[in-house]
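Asker: The structure is given below, and queries will be raised subsequently.
The values are calculated or read from the model by the stated rules, or taken from the named source; none is laboratory data. What you see is a predicted model, and the numbers here were worked out from it, not measured in a lab. Cβ sites come from the backbone with ideal geometry, for glycine too, and all protein chains shown count toward neighbours.
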């Protein structure tokens, strides 16, 4: 049988719900043998005379045999919903959903050319979007030939872009998110992919001068060098991505560890805070006694802090508001109790350690006992020191980082009275 006036292949339909498609048509015309534009309500299309569909937005018409590139809109294609016996019960169109997470990921198993496209074209685009963002609600295809392969997805498996074969309404779909402005690299990728599966409909690679068969010897050598360079660059990017992810994971682990240790100085109250202050002072080289652990019948100061023969009585408080002047009087009673215990010997210092405004960002907290300068001065006259736990955190951090020595840190605390505001 002879067929007359058959269009050159590949034969590509172009759909858009707008009239501004001159650039799109120009790109498709460079690589397609035959093209035609259709609108939402174009009638009398003989779908069998076409091989592919390029769609901006959701096409209102399609056919099961068409290879499709779709940019934005509800994804073309349907799912066959089966009953408990496995028989088709209904058809359901694929749907867009909303993704509320900011994180997203790419598929590590993509072929290098597609992986490069995804990283250069899709990742920057998706990052620009505000949350929530449109994603494809993952379908549950039932036909043996159907599949769904996300190119970029959120952490719940919803796809921003995907290659899939629906149960009906398209043979294969390369779905790209709205906002893609350069169709050319995606069209070249798709036509090359489709030519492997259906060389009759897509008879050659889009750019035949890039086919090895029609290259010169010099071009082949240059191509081999380029392929090796691309492969090396991709391996370097993969290694860099792996190092970035590993370092980020290490940072997250340390952040969790600090939240449960050093940073408790900035967040906790009650016994948890007392233990954190004791641990920090111990790291500075003090010998610390937890008085509550003695089980005394009457209330004692929280900690006794020793540096050789030197001793400080330390009361620790945590507040959602500011420190309290009344606490200074309590420390005075602890000193009286200590002097009875030691037959008149006074401690070398009395410390009031406070994690104040503990629910706020530490950078935005007021000075300890702010506006109570006269009370702080009176406290200093009796060797009193009001210590913001932020300063203990910063001092501990600098000792660990080698900024100052443990001996110097202890000397600063021993010799200070009034307010201790190290690093603030």
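Asker: Name every residue in region 11-38 that is in a loop (DSSP other than H, G, I, E, B) and either surrounded by fewer than 13 Cβ atoms within 10 Å (Cβ to Cβ) or not assigned by TED's automatic domain parsing to the domain that holds residue 190 (or both), in order of residue number.
Answerer: Scanning region 11-38 gives 18, 19, 20.
Asker: While we're looking at this one, here's another question. Among 205, 142, which is the only one that is assigned to a loop (DSSP other than H, G, I, E, B), touching a helix residue (DSSP H, G or I) at 6+ places or on another chain (Cβ under 8 Å) and either at pLDDT below 90 or on the phi < 0 side of the Ramachandran plot (or both)?
Answerer: Answer to the check: 205.
Asker: Residue under question is residue 402, and the condition is that it be in a loop (DSSP other than H, G, I, E, B), over 21 Å from residue 350 (Cβ atoms) and over 36 Å from the mean Cα position of the chain (by Cα); does it hold?
Answerer: no
Asker: Could you tell me how many of the residues in region 309-326 are surrounded by fewer than 16 Cβ atoms within 10 Å (Cβ to Cβ) and in contact with a strand residue (DSSP E or B) (Cβ under 9 Å, 6 or more places away or on another chain)?
Answerer: 2
Asker: Taking the conditions exactly as written (surrounded by 15 or more Cβ atoms within 10 Å (Cβ to Cβ), within 32 Å of the chain's Cα centre (by Cα) and closer than 17 Å to residue 312 by Cα), does residue 389 satisfy them or not?
Answerer: Yes.
Asker: Inspect all residues belonging to region 181-191 and state whether any of them is surrounded by fewer than 11 Cβ atoms within 10 Å (Cβ to Cβ), under 24 Å from the mean Cα position of the chain (by Cα) and modelled with pLDDT under 90.
Answerer: No, every residue in region 181-191 fails to be surrounded by fewer than 11 Cβ atoms within 10 Å (Cβ to Cβ), under 24 Å from the mean Cα position of the chain (by Cα) and modelled with pLDDT under 90.
Asker: Continuing with the same structure: If I filter region 361-368 for residues that are without any contact (Cβ under 8 Å) to a residue 40 or more places away in the chain, touching a helix residue (DSSP H, G or I) at 6+ places or on another chain (Cβ under 9 Å) and not in a helix (DSSP H, G or I), do I get at least one hit?
Answerer: yes
Asker: In addition: How many residues does region 106-131 hold that are surrounded by 13 or more Cβ atoms within 10 Å (Cβ to Cβ) and within 18 Å of the chain's Cα centre (by Cα)?
Answerer: 9
Asker: Please specify each residue of region 392-413 satisfying the condition of being crowded, with 18+ Cβ neighbours inside 10 Å and out of contact with any helix residue (DSSP H, G or I) (no Cβ under 6 Å at 6 or more places or on another chain).
Answerer: Correct list: 394, 410, 413.
Asker: Hey, does region 292-299 have a residue that's at negative phi, in contact (Cβ under 8 Å) with a residue 24 or more places away in the chain, assigned by TED's automatic domain parsing to the domain that holds residue 389 and surrounded by 11 or more Cβ atoms within 10 Å (Cβ to Cβ)?
Answerer: Within region 292-299, none of the residues are at negative phi, in contact (Cβ under 8 Å) with a residue 24 or more places away in the chain, assigned by TED's automatic domain parsing to the domain that holds residue 389 and surrounded by 11 or more Cβ atoms within 10 Å (Cβ to Cβ).
Asker: Among the listed residues 174, 191, 251, 151, which satisfies the condition of being under 30 Å from residue 129 (Cβ atoms), part of a helix (DSSP H, G or I) and touching a strand residue (DSSP E or B) at 6+ places or on another chain (Cβ under 9 Å)?
Answerer: 191
Asker: Are there strands (runs of 3 or more DSSP E) fully within region 256-326 with at least 1 residues that are farther than 21 Å from residue 417 by Cα and at pLDDT below 95? List them.
Answerer: The strands (runs of 3 or more DSSP E) meeting that bar are 287-290.
Asker: Out of the residues in region 39-83 that are on the phi > 0 side of the Ramachandran plot and surrounded by fewer than 21 Cβ atoms within 10 Å (Cβ to Cβ), which is nearest to the chain's Cα centre (by Cα)?
Answerer: The selected residue is 72.
Asker: From 42, 106, which residue is out of contact with any strand residue (DSSP E or B) (no Cβ under 6 Å at 6 or more places or on another chain), more than 19 Å from residue 165 (Cβ to Cβ) and in contact (Cβ under 8 Å) with a residue 12 or more places away in the chain?
Answerer: 42
Asker: Next question. If you go through region 157-166 one residue at a time, do you hit one that is part of a strand (DSSP E or B), at pLDDT 90 or above and more than 26 Å from residue 100 (Cβ to Cβ)?
Answerer: yes
Asker: Okay, next question. Restricting attention to region 335-347, does a residue exist that is touching a helix residue (DSSP H, G or I) at 6+ places or on another chain (Cβ under 7 Å) and surrounded by 13 or more Cβ atoms within 10 Å (Cβ to Cβ)?
Answerer: yes
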